[in-house]
Every structure is written in structure tokens, then in C-alpha cells.
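Report on one structure; see the data block that follows.
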Amino acid sequence: MREEQRPVIRIAPSILASDFSALGQECRAMEQAGADMLHVDVMDGHFVPNLTLGPGVVRCIRPHVRLPLDVHLMLTSPERYAAAFVQAGADTVTYHVEAETDAAALLRDLHALGVRAGLVLRPATPAEAVFPLLAEADVVMVMTVEPGFGGQKFMPAMLPKIAAIRAEAQRIGRPALDIEVDGGIDLSTVEDVVRAGANLLVAGSALFGAGDYAAAVRSLRERAQAALS
């Protein structure tokens, strides 16, 4: 990949791993630590076997940081709630191709609302499931664990999927498409996902579990950048 075609490496701490009793403070701390955005996992207890937060929490976070908010909807019917998250302050909204929705229509609806929009694949879903929509999506997220809970072990079998999506993006003339990875991303896995083609790196416990947030963000970024050389 030529240098000018390399998408920018960005670090997105997942607030699912933060101390929710001090959420505003935690978000500010990650902004000060050099994070590029904040990742917000939304689960409905149906699409995945867990419940997390709604638009009201995103609305509470928004005044505390200037960072973009990257909202990941793990919902059976994401179209019912997407606009509410945009109104609450989301800058990017991603949702699953496996959801019971018209994925192409929701991309268009989100773009009409003025935000970035993207697609997410569960581990069992092949890369080809997003190929028809790559020209319209701003980001594609590959789940490198089963969605629903933090702290899971990274699945190396997802690396070829990342590579396949990056290759297809190159083929259709979108070399700078953001490819996001979520699940088990830390210093031991980040080089592999970046070499495969990912550039938007979601990390939870590896960052919020660190004693020094700035050092953790810096180390993850440096390890990712090293994989590009």
C-alpha cells in the first residue's frame, strides 16, 4: 500500500471498560491521554445477551469531551434508535449487517442526518456480506470477539476477513476506507490487525485498565504504527 493511501491509525477507547461511576471524568482523561475518539457500545439484550446504555448516556457524555463519539449499535432493529443517538451527540453510528434492517437504507438515512455511518460483522459473518455496500459505508467494523461482553480473547481467525475487506476496498478505489476492529485489541494483537488492514482500533481493558492512560494510548499507537513500516 502506498504511503498516501494508508488510512490514518486512530485509537478509540471503549467506555464499556471505564469506571461508570465517574464516566465524564474517565472520558476527559482519555481525551487528555491522546485518544482519537471514544467508542460507545450499545446493547439491547436481544441481538446480544447483554444490556448497556441508551441515548441519554451519550447525551451526558457529549459536553465533557470534544472527541468524536463512535456509537456501535448491537441492536436487532437499529433503525428505531439510530436518529436518537445522533441527536444525543454521536458522530459515527455503526450497526450490524445481521440486524433486521435494510442496511443500505440506514446508511443513507444516517448520512442525511450528517454523521458517518458504517457496518459491523460478527465473527461468523463472511467479509463478502459487506462488499455490496463498501462504496457507501464510511467504516466497516470487524468484530474480533463475539459481541456482547468486554474482556474476551482475540480471535486470530478474523485476520483474513480484515484483509479481504481491505483488498476489496482497494479494488473499488476506496483505499482509505476505515476498517475498525473491536475485541481483544492490545499490545499483543494490534500489529496483526494493522498488518491485515485495520486502522481504527477499539480497545477497552487495555486502555481503561492501565494505570497511565496516556502511556497506554501512546504505546498502542506506536505498536500500530510500527506494523506499517
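Laid out as a table, the results:
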quantity	calculated
Percentage relative contact order, the chain, counting C-alpha pairs under 8 Å, at least six apart	22 percent
Linear extension gain, HIS64 paired with GLN32, 0.36 nm per residue minus alpha-carbon span	10.4 nm
Whether the stretch 111-200 is rounded, prolate or oblate, judged on the alpha carbon gyration tensor where a/c under 1.5 counts as rounded	prolate
Dipole of the stretch 38-107, positive direction: furthest Cα of PRO78, VAL48, VAL93, with charges on the beta-carbon	VAL93
Cα→Cβ-extended label distance, 7 Å offset, between LEU187 and LEU133, nm	3.7 nm
Alpha carbon convex hull of the chain, projected area averaged over orientations, nm²	11.2 nm²
At R0 = 41 Å, FRET efficiency that the Cβ-Cβ distance of ARG80 and ALA167 yields, to 0.05	0.75
Karplus 3J(HN,Hα) series, Hz, for the stretch 209-226 with 6.51 cos²θ - 1.76 cosθ + 1.60 (x for Gly, Pro)	x, 8, x, 10, 4, 4, 5, 5, 5, 4, 5, 5, 5, 4, 5, 5, 5, 4
Alpha-carbon spread of the stretch 117-165, three principal axes, descending order, Å	32, 21, 14
The stretch 64-170: relative contact order in percent, alpha carbon pairs under 8 Å with at least 6 residues between	21 percent
Sequence-distant residues sharing a close amide H with ALA203 (under 5 Å, placed H)	ALA12, SER14
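Laboratory data are not the source of any read-out in this text; all were calculated from the coordinates shown. Quick caveat, the model's predicted, so the values are computed rather than measured. Positions of Cβ are backbone-derived with ideal geometry, glycine not excepted, and every protein chain shown enters the neighbour counts.
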